[in-house]
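Just below is one structure, and these are the notes that go with it.
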Amino acid sequence: HRQLQGIPIYQASGVARKALNVFATYVAMMNQDIQKAIQFHRNPFHFKHVQVLKGGAAIDDCGPCVVMATPSMLQSGLSRDLFEAWCESSANTIIIADFAVQGTLARDILASPTHVMSRQGVKLPLRAKVEAISFSAHADFDQTRQFLEELAPPHVVLVHGEFNEMMRLRTALEREAAQKGWDRTVHTPKTDSSIFIPFTQTHTAAVRGRLAEQPAKAGQTLRGVLVQRGGATDQILHPEDVSTFTKLTVGEWLVDGCATCGRWFHGLGVAGKLALVVRRGGR
């Protein structure tokens, strides 16, 4: 736009800079349009009308400009510094381009308050215009539902969202699972809270030797030694078959244990506490 060509545009996000470097590194994974642009020396990740900044000191504050700064919730960092410096002028506009989380400054100014509190506790008049656009990279309900339908997980944990919206999503997911007969449990834990999800794991092992002489029955308890070997099939063996089917050797062990009894035995003529020595042997 000719009227906007003279207005500088600044990008002051460290995360965006790093992301662009990652994109430029993995061009082979991009679509054909991006690859052709790189092939003909047209870098699609270089924006000639956008100046990259590493701090707010380089911004020309003498005229109109556009600054894309982070964090988007205006809680700290460069975006908060610029907001507090520019919010008192009606000539300025703040555009929230992300989902504003409840309890943040970005969410508070969407309610059009007349004043806001600075980080130093100073009451600042809010005369700047506040707008919001939907430019979030998060998945919506349809995308989330399709993703869960393809994976079909038995447990779904919803986090990092507004409580009321998460409860609506939870209700919708549970209703859909009930209608289609899916086994699905949806969790919405609070911050710093824990949830318990039980997992069952199937362990396969080969029964050999004496334990394999009789065919096993369903539900039968099998007693033996489980031998696990890295990269090989696990085995369940009778103790006396261990040396036959493995390189392990069977040896004898003898343990002496000493336990102190806390009672006094005056009747036995023992003047102190009685120490019991237990000796056990086995294979």
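The values are calculated or read from the model by the stated rules, or taken from the named source; none is laboratory data. Just so we're clear, the structure is a prediction, and the values are computed from it rather than from any experiment. In this analysis, Cβ positions are derived from the backbone assuming ideal geometry, glycine residues included, and neighbour counts consider all displayed protein chains. Please note that ligands, DNA and RNA were not included when accessible areas were found on the heavy atoms of the full protein model with its side chains. Shrake-Rupley method; radii C 1.70, N 1.55, O 1.52, S 1.80 Å.
Things to note:
- Meets criteria (open to solvent by less than 100 Å² (accessible area, probe 1.4 Å) and either in contact (Cβ under 8 Å) with a residue 12 or more places away in the chain or under 30 Å from E176 (Cα atoms) (or both)) for V122: no
- Identity of the residue in segment 148-195, outside any helix (DSSP H, G or I), without any contact (Cβ under 8 Å) to a residue 24 or more places away in the chain and over 27 Å from A100 (Cβ atoms), that ends up least open to solvent (accessible area, probe 1.4 Å): G181
- Pairs with Cβ under 8 Å, 6+ apart, first in segment 1-23 and closer than 16 Å to H49 by Cα and modelled with pLDDT of 80 or more, second of a type in the set (D, E) and outside any helix (DSSP H, G or I): P8/D60
- Taking segment 1-90 as the region of interest, the strands (runs of 3 or more DSSP E) fully inside it that hold 2 or more residues being closer than 27 Å to T114 by Cα and open to solvent by 40 Å² or more (accessible area, probe 1.4 Å) are 66-69.
- Subset of segment 125-139 that is exposed (fewer than 10 other Cβ atoms within 10 Å of the Cβ) and not hydroxyl-bearing (S, T, Y) - its residue that is farthest from E174 (Cα to Cα): I133
- Checked against the criterion of being under 30 Å from V156 (Cα atoms), modelled with pLDDT of 85 or more and hydrophobic (A, V, I, L, M, F, W, C), the candidates F196, F245 yield just one match: F196.
- For segment 94-113, the criterion of being over 24 Å from G161 (Cβ atoms) and either at pLDDT 90 or above or open to solvent by less than 50 Å² (accessible area, probe 1.4 Å) (or both) is met by none of the residues.
- Each residue in segment 1-36 was checked for being among the hydrophobic types (A, V, I, L, M, F, W, C) and over 27 Å from V67 (Cα atoms), and 4 pass.
- Screening V66 against (1) within 26 Å of the chain's Cα centre (by Cα); (2) in contact (Cβ under 8 Å) with a residue 24 or more places away in the chain leaves a single unmet condition, (1).
- Among the residues of segment 114-138, those that are in a loop (DSSP other than H, G, I, E, B) and either at pLDDT 90 or above or among the polar types (S, T, N, Q) (or both) comprise T114, S118, R119, Q120, G121, V122, L126, R127, A128, S134, S136.
- Pairs where the first residue, in segment 75-104, is in contact (Cβ under 8 Å) with a residue 40 or more places away in the chain and the second is among the charged types (D, E, K, R), C-beta under 6 Å, 6+ apart: E88/R127; Q102/E162
- Qualifying residue in segment 203-226 (condition: in a loop (DSSP other than H, G, I, E, B), open to solvent by 80 Å² or more (accessible area, probe 1.4 Å) and within 30 Å of A139 (Cβ to Cβ)): no
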